[in-house]
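Asks: What follows is a single structure, and I will ask about it in a moment.
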Amino acid sequence: MLSTFTGVAQELPPVFSVRRPGRRAVCPACRRETAWRACPSCHSRLAAEYCANPGKIVALVGAKHAGKSTYIAVLIHELMNRVGEELDASLVPCDDRTIERYKTDFNRPLYGDHRLLSFTQSAKTAARDPLVYLFTRTGGGWRRRTASLTLVLFDTAGEDLREREMSELHLRYLNAADAVIFLLDPLELPGAQAALHGSARERGGILADDLMSDQMDVVVRVTELLRKRNSGRLAIPAAVALSKIDELRPSMERQSALHRTRDPLGALDLDDREAVDEQVRALLHQWQAGMIDRYLSQQYNDYALFGLSALGEVPEGQKVARSGIRPYRVEDPLLWLLYRFKMLDGIRR
């Protein structure tokens with residue numbers, strides 16, 4: 001079953017169903033007791049916390065070179081540290097696979113060795129497990145309620161979004177997504193390349209001859225996959241973020257909302273959220289990419305635009321800048337989704 005979803009042959013132990021799920025169950029074939037839980041559809045193993053808490057599957061997608069792996073690495077680091085402290089929240093891995101994969105594939109190379117992450121391999125050649133975390137936060141007010149959700153993050157290879165047939169085979173998990181984050185590389189938008197300076201100009205437009213990696217086409221292919229379970233506008237929230245925004249900020253007006261940092265309020269600043277949304281929309285239209293905004297408004301009931309930078313500084317070759325990792329607004333899309341999931345308050349000042 002799992003091979004049908006991933007396209008990669010995998011050996012799995014026997015799967016059986018039980019009438020009254022508990023922490024453990026006895027296999028009717030071998031009579032051995034097990035605590036492993038499996039998805040009834042694909043038979044992949046489920047973390048115990050996923051079954052005990054409301055799960056929210058957040059699909060992260062984007063074209064080649066958009067920086068999806070780097071974004072995940074920095075986002076999780078910030079949720080465990082700076083943003084977690086602000087929100088009075090904890091983020092803990094739900095299984096050993098998540099612990100191992102994050103430390104080996106994300107944290108160690110980026111934060112330990114200070115080198116850029118390698119490109120995500122296609123699901124056609126390597127099966128990847130999602131990162132599953134339990135996110136718990138204590139709300140404000142006199143009741144001090146504690147709420148939890150299971151956050152499931154998929155790192156999708158840009159190669160898997162190049163063609164419709166490949167996308168349909170390897171991205172079937174999108175049918176279960178509760179939200180989607182599109183990560184777009186503004187350096188690959190033809191209209192934005194004139195605003196690049198210095199080494200950023202050399203880093204822009206490297207996919208210009210790759211006709212299958214257009215930013216707009218990626219948004220369309222993913223939306224078509226989501227469309228298979230809905231008619232009309234899609235109900236799931238879509239966060240659309242321009243990555244590497246630090247390389248374009250020098251060309252923006254000084255009063256731009258993208259020159260400001262987010263104030264740590266422990267809530268979603270709705271005024272700031274609207275200002276950033278308007279600024280990114282204006283940039284898309286200025287860079288002859290307004291069709292992305294128009295298409296989103298036609299296809300989604302609820303979408304928002306963001307500008308962020310996972311690293312905060314232009315890398316030096318294959319190494320992080322000497323000033324270190326200085327993320328800028330990397331948490332904004334997830335804070336907006338938490339607000340949509342009713343796990344974060346929205347305020348106006």
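The values are calculated or read from the model by the stated rules, or taken from the named source; none is laboratory data. Keep in mind it's a predicted model, so treat the numbers as computed, not measured. In this analysis, Cβ positions are derived from the backbone assuming ideal geometry, glycine residues included, and neighbour counts consider all displayed protein chains. Each accessible area value is taken on the protein alone, full model and side chains, heavy atoms only, with ligands, DNA and RNA left out. Shrake-Rupley method; radii C 1.70, N 1.55, O 1.52, S 1.80 Å.
Asks: State whether the residues of segment 262-269 include one that is touching a residue at least 24 places away in the same chain (Cβ under 8 Å), part of a loop (DSSP other than H, G, I, E, B) and among the charged types (D, E, K, R).
Replies: Yes, some residue in segment 262-269 is touching a residue at least 24 places away in the same chain (Cβ under 8 Å), part of a loop (DSSP other than H, G, I, E, B) and among the charged types (D, E, K, R).
For every residue, the table says whether it meets (1) modelled with pLDDT of 65 or more; (2) hydrophobic (A, V, I, L, M, F, W, C); (3) assigned to a helix (DSSP H, G or I).
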| residue | (1), (2), (3) |
| --- | --- |
| Thr150 | yes, no, no |
| Phe154 | yes, yes, no |
| Asp160 | no, no, yes |
| Asp209 | no, no, no |
| Thr223 | yes, no, yes |
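Asks: If I ask for residues that are among the hydrophobic types (A, V, I, L, M, F, W, C), farther than 22 Å from Leu335 by Cβ and open to solvent by 30 Å² or more (accessible area, probe 1.4 Å), which ones from segment 255-294 would you list?
Replies: Passing the criteria: only Met291.
Asks: List pairs: first residue in segment 69-85 and more than 14 Å from Arg329 (Cα to Cα) and assigned to a helix (DSSP H, G or I), second residue acidic (Asp, Glu) and open to solvent by 20 Å² or more (accessible area, probe 1.4 Å) anywhere in the structure, Cβ distance under 8 angstrom, at least six positions apart or on different chains.
Replies: Ser69/Asp105
Asks: Okay, next question. If you check Ala66, Ala59, Ala126, which single one turns out to be small (Gly, Ala, Ser), in a strand (DSSP E or B) and at pLDDT below 95?
Replies: Just one listed residue meets the conditions, Ala59.
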